[in-house]
Every structure is written in structure tokens, then in C-alpha cells.
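Undergrad: Below you will find the structure I want to go over with you.
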Amino acid sequence: MTKSASVNKLTIPLIIVFGMVNALLILGKKQLLAWGVDPGVVIVGNIILFAVSITSLLLYQRAMAHPTTMGFLRNTYSGLFLKLLACIIAILVYVITNKEHINKQGVLACVFLYFVYTLLEMRSLMQWNKARRNA
């Protein structure tokens, strides 16, 4: 299996969740608004989390394949720090631009999506590592 094929296989669950979440947000807009959730906030959060998750997944994969401990730690912490920093910046930009109209439910929905994407990343990496060791 080539490296690009394994990367594509790793990202499939993230792509599926990204598409499903966006479809649910668009189709369930009226219900979300009735619950006090701004779909726009969650869609932008989903896009940011998807992009950062893909990038950190690639860094984690590179870390697991690195022959040295230092390389492993560098790539692992880079992925973790990238994800954390991107989320903090996104929240700060949202809070600064919408001081009076912060949608707390939308932010909490993004936190939930953060955990979903993190679980999918770890699951994909564990499956990739298991397949790599058995090959």
C-alpha cells in the first residue's frame, strides 16, 4: 500500500463525518434555530475542525512512522499544538467579532465536534498502525 493510498484511507471517516454534519446542519436549520443553535457558527466550526483534523492526522501518521523518539514526539506535539492553537484562535476571533451575540450552544456543539473528530483520528491511526504492523 502506498503512502498516499493509506493517507486517503485514513481520511475517509473524517470526510464522511464532515459531509454528514454539514448536511444535517443545512437540512435541520429550522430545528437548530428553535433550539437556540446558530447553524452558521457550527458550520464554520466544522470546517475549521475538519481542516485541522486532516492536518493533525497526517502529522500523527508521520510521527508513528518516524524511526526516532525525538521525531515521534516532535510530530505528535506539533499535531496536538496545531489543533489546540487553531481552536483557541477560532474561538477568540468569534468572541471578539460577536461580543454581544455569542451563541454558546453553537460553541458547545463545536466542542462536541472536536471530540468526535479526535476520536475518529485516533481510531483511524490505531487501525493504520495495526495494519502496518501486520503487513
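Undergrad: Identify, from the list 80, 119, the residue that is among the aliphatic types (A, V, I, L, M) and without any contact (Cβ under 8 Å) to a residue 24 or more places away in the chain.
TA: On the way: 80 fails: without any contact (Cβ under 8 Å) to a residue 24 or more places away in the chain.
The conditions single out 119.
Undergrad: Moving on to the next point. Looking at segment 90-118 only, could you name the residues that are open to solvent by 90 Å² or more (accessible area, probe 1.4 Å), farther than 21 Å from residue 20 by Cβ and among the hydrophobic types (A, V, I, L, M, F, W, C)? Break it down into steps so the answer makes sense when it comes.
TA: If we filter segment 90-118 for residues that are open to solvent by 90 Å² or more (accessible area, probe 1.4 Å), which is where we start, we get 92, 96-97, 99-101, 104, 108, 112, 115.
Then drop every residue that is not farther than 21 Å from residue 20 by Cβ, which leaves 92, 96-97, 99-101, 104.
92, 96 - these are the residues of segment 90-118 that are open to solvent by 90 Å² or more (accessible area, probe 1.4 Å), farther than 21 Å from residue 20 by Cβ and among the hydrophobic types (A, V, I, L, M, F, W, C).
Undergrad: Kindly provide the set of residues from segment 13-27 that are in contact (Cβ under 8 Å) with a residue 60 or more places away in the chain and either exposed (fewer than 15 other Cβ atoms within 10 Å of the Cβ) or of a type in the set (Val, Ile, Thr) (or both), ordered by number. Outline the logic, then answer.
TA: Narrowing segment 13-27 to residues in contact (Cβ under 8 Å) with a residue 60 or more places away in the chain: 13-14, 17, 21.
Of everything in segment 13-27, those that are in contact (Cβ under 8 Å) with a residue 60 or more places away in the chain and either exposed (fewer than 15 other Cβ atoms within 10 Å of the Cβ) or of a type in the set (Val, Ile, Thr) (or both) turn out to be 17, 21.
Undergrad: Taking only pairs six or more apart or across chains, which ones have beta-carbon atoms under 7 Å, a first residue in segment 62-76 that is under 16 Å from residue 124 (Cβ atoms) and among the charged types (D, E, K, R), and a second residue that is part of a helix (DSSP H, G or I) and open to solvent by less than 100 Å² (accessible area, probe 1.4 Å)?
TA: Correct list of pairs: 62/75.
Undergrad: Confirm whether residue 30 is charged (D, E, K, R), open to solvent by 60 Å² or more (accessible area, probe 1.4 Å) and either within 19 Å of residue 123 (Cβ to Cβ) or modelled with pLDDT of 90 or more (or both).
TA: On the way: charged (D, E, K, R): yes; open to solvent by 60 Å² or more (accessible area, probe 1.4 Å): yes; either within 19 Å of residue 123 (Cβ to Cβ) or modelled with pLDDT of 90 or more (or both): yes.
When the stated conditions are applied, residue 30 passes them.
Undergrad: Sort through 54, 43 and tell me the only one that's modelled with pLDDT of 95 or more and aliphatic (A, V, I, L, M). Write out each step before concluding.
TA: Numbers: 54 fails: modelled with pLDDT of 95 or more.
The unique qualifying residue is 43.
Undergrad: Do we find that residue 121 is charged (D, E, K, R), at pLDDT below 90 and crowded, with 17+ Cβ neighbours inside 10 Å in this structure? Before the answer, list the steps.
TA: Working: charged (D, E, K, R): yes; at pLDDT below 90: yes; crowded, with 17+ Cβ neighbours inside 10 Å: yes.
So residue 121 fits the description; yes.
Undergrad: Looking only at segment 52-89, count how many residues are farther than 17 Å from residue 109 by Cα and surrounded by 17 or more Cβ atoms within 10 Å (Cβ to Cβ).
TA: Adding up the residues that qualify gives 11.
Undergrad: Related question: Test residue 49 against the criterion of being open to solvent by less than 40 Å² (accessible area, probe 1.4 Å) and either free of Cβ contacts under 8 Å to residues at least 40 places away in the same chain or of a type outside the set (Lys, Arg) (or both), and give yes or no. So that I can check it myself, show each step before the final result.
TA: Working: open to solvent by less than 40 Å² (accessible area, probe 1.4 Å): yes; either free of Cβ contacts under 8 Å to residues at least 40 places away in the same chain or of a type outside the set (Lys, Arg) (or both): yes.
So residue 49 passes the test.
The values are calculated or read from the model by the stated rules, or taken from the named source; none is laboratory data. Everything quoted here is computed from the prediction, not taken from an experiment. Here the Cβ is made from the backbone with ideal geometry for all residues, glycine too, and neighbour counts use every protein chain on show. Heavy atoms of the whole protein, side chains included, go into the accessibility calculation; ligands, DNA and RNA do not. Shrake-Rupley method; radii C 1.70, N 1.55, O 1.52, S 1.80 Å.
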